[in-house]
Every structure is written in structure tokens, then in C-alpha cells.
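Asker: Please see the structure below; I have some questions.
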Amino acid sequence: MEKDERQALKAKIIEMIAKYEHDVKETEKMTEPVKPENSLGRISRMDAINNKSVMEASLRNKISKLNKLRLALQKIDDPGFGTCARCKKNIQSGRLMFMPESTKCVKCAS
Ligand SMILES: [Zn+2]
């Protein structure tokens, strides 16, 4: 991986981490316990509980992505970063920009 490319990717990862950190915080707010005494009534309360489980699943996904991005940021200066774990060829830079946590090239991941 070229030095410039690595720098650009590093900036991109930092930007993505900031975005996901913000997202996680916002989603956490939406997963607060549903109050038993809800003035909205029973149906709305069931809706609120359904929404809450959707939000919790979404929160787990976001936290997992955030952890992968942080790991990618730690590894970005390693000589092997950007090399496919399977075929050892360079991972396409477009793919890395989109999914910096990729450890395999498009061919090997599919
Ligand atoms: Zn590969």
C-alpha cells in the first residue's frame, strides 16, 4: 500500500470512527427502558418495546463495526495491512475505503 493511500485511509477511518461513536450514542438513547406507565396506551407501549429491540440489534451492529474500525486503525501502520489474509495480494483500495476493516480481497471474501 502506498504511503499516500495509507494516509488517506487513516483519515477516513478516523472520520468513520467519529461518525459511529456519535451513532452509537444516539442509538443508546433510543434503547432506554420503556416505562411501564406509558401515557400513550398499551398498543403504543408494545410498539415502543418492538422499536427498542430493533434499536438494540442496530446498536450491537454499530458497536461491532466501531470495534472493527478501531482495530483497523491500530493495524494500519503494519506492513501487512491492506494485504489479503488468504491470497496475500493487495486488497483493492476502493474496498478498503468503503470497509477499512476488510482483511480479505473481494475475490476471497465472496
Ligand atoms: Zn484474496
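Computed from the coordinates by the stated procedures, all read-outs in this text should not be read as laboratory data. All values derive from a computational prediction rather than experimental measurement. Because the Cβ atoms are built from the backbone with ideal geometry, glycine has one as well, and the counts that use them run over all protein chains shown.
Asker: Do we have Ala48 as more than 16 Å from the ligand (Cβ to nearest atom), part of a helix (DSSP H, G or I) and under 16 Å from Glu21 (Cα atoms) here?
Answerer: In short, no.
Asker: Quick check on Ala11: is it farther than 11 Å from Pro100 by Cβ and loosely packed, with under 14 Cβ neighbours inside 10 Å?
Answerer: Criteria not met by Ala11.
Asker: Keeping to segment 92-110, report how many residues are in a helix (DSSP H, G or I) and within 11 Å of the ligand (Cβ to nearest atom).
Answerer: Taking segment 92-110 first, the residues in a helix (DSSP H, G or I) are 93-98, 106-109.
Filter once more, so that each one left must be within 11 Å of the ligand (Cβ to nearest atom): 95, 106-109.
Residues in segment 92-110 being in a helix (DSSP H, G or I) and within 11 Å of the ligand (Cβ to nearest atom): 5 in total.
Asker: Does segment 54-91 hold any residues that are surrounded by 11 or more Cβ atoms within 10 Å (Cβ to Cβ), of a type outside the set (Phe, Trp, Tyr), in contact (Cβ under 8 Å) with a residue 60 or more places away in the chain and not in a strand (DSSP E or B), and which are they?
Answerer: Hits for segment 54-91 are Leu73, Ile76, Gly82.
Asker: Which of the residues belonging to segment 92-110 are buried (at least 16 other Cβ atoms within 10 Å of the Cβ) and touching a residue at least 60 places away in the same chain (Cβ under 8 Å)?
Answerer: Of everything in segment 92-110, those that are buried (at least 16 other Cβ atoms within 10 Å of the Cβ) and touching a residue at least 60 places away in the same chain (Cβ under 8 Å) turn out to be Leu96, Pro100.
Asker: Looking at (1) part of a helix (DSSP H, G or I); (2) more than 10 Å from the chain's Cα centre (by Cα); (3) surrounded by 12 or more Cβ atoms within 10 Å (Cβ to Cβ), which is the only condition Val34 fails?
Answerer: (1) is the only condition that Val34 fails.
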